[in-house]
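The values are calculated or read from the model by the stated rules, or taken from the named source; none is laboratory data. None of the values given here were measured: they were computed from a predicted structure. Reconstructed Cβ throughout: ideal geometry from the backbone, glycine too, with neighbour counts over all protein chains shown.
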Amino acid sequence: MMMRLSWWQLFRGCYMSEEKEYLIRRNIELEEQVGNLTKELIETNHEVLNILQAFEDLNKDMLINDKEKNDFLAKLKSSNKEQLEKIKMQENALIQADKLASLGQLIAGIAHEINNPNTYIRANIELLQKYWRLLEKKISVDEGNFYASIVSDIPSVMNSMYKGTERIMEIISALKAFAKEEKLFYEKININECIEEAYKLVKVELTKNKIIFLNKVSQVGYEINASKQKVEQVLINLFLNSIKAIKFKREENGQIVIFTSEDKDNFNISIKDNGCGIKKEHLDMIFNPFFTTHQEEGGTGLGLSIVHGIMKEHGGSIKVMSTENEGTEFTLVFPKGR
């Protein structure tokens, strides 16, 4: 049996269907709107986050730039200070170089002036010795007589005077060699001879300051291929450096020791002292030209720089070990087979 619906039921059914459709459609629209709003909100949040990040980066960049500016200004200030100090050092160096050049001329002049009268004295002593040998045969003095002791002393007195003139000649010769400029001339040289020549020049300073000098180099004599005058100059500079260090420390038992060592590639000469030592922060600067910690005492800051240069000219090097208030050891490294 077919069921018959009233118009109200039909209308109501149609209305409900339309209302249901509307609600469904509206729900979908709302969902889309919520989705769009959520998407916009998320995008807005991202934009805000990006703006905040950009602002933070900008501040960071500004801070970095400020730091860079500060670093640049600090470096500029330091560089200007260094340049001014360098200019001042160069001015002092020029003055000092002029003094050194004048000193070289002065040494040469003094050496010449002392050498001439010393030559006359030496020649006259030789003549006196010759005369004495002739006169001694004619002089007859009893052994117990007072004058006998005088007669016997005369030869030793003249020998002592003659040795004195030899000492003057040695000093003059060393001064002239130290003062003059010469081209590097390599030859087989005896290390002991170089040490002895350098020692002669500093002996007075060693004695005056009561410093013991110990030469532990074998007397057999090592030979290296080098410039004799330059090696002597290196040794003199290092000896004087050690003397100053011992004086500065006021060490009562000052001591300088020189010894050698070798391996298959190198021959080494070491000079060790028990002076004031070198501060750790200064070790990298001691070979720089014009660097000195003893300017008040007349230090030029050229000695160790000259030593370093000479060793480089010889294809070698110089090493240093030092402990403040204990002492310093310099080692000259000469390559074999040069």
**Complete:** How many residues of the range 174-191 are modelled with pLDDT under 70 and in a helix (DSSP H, G or I)? The answer is 6
**Asked** Counting only residues that are surrounded by fewer than 21 Cβ atoms within 10 Å (Cβ to Cβ) and not in a helix (DSSP H, G or I), how many does the range 228-266 have?
**Response** 14
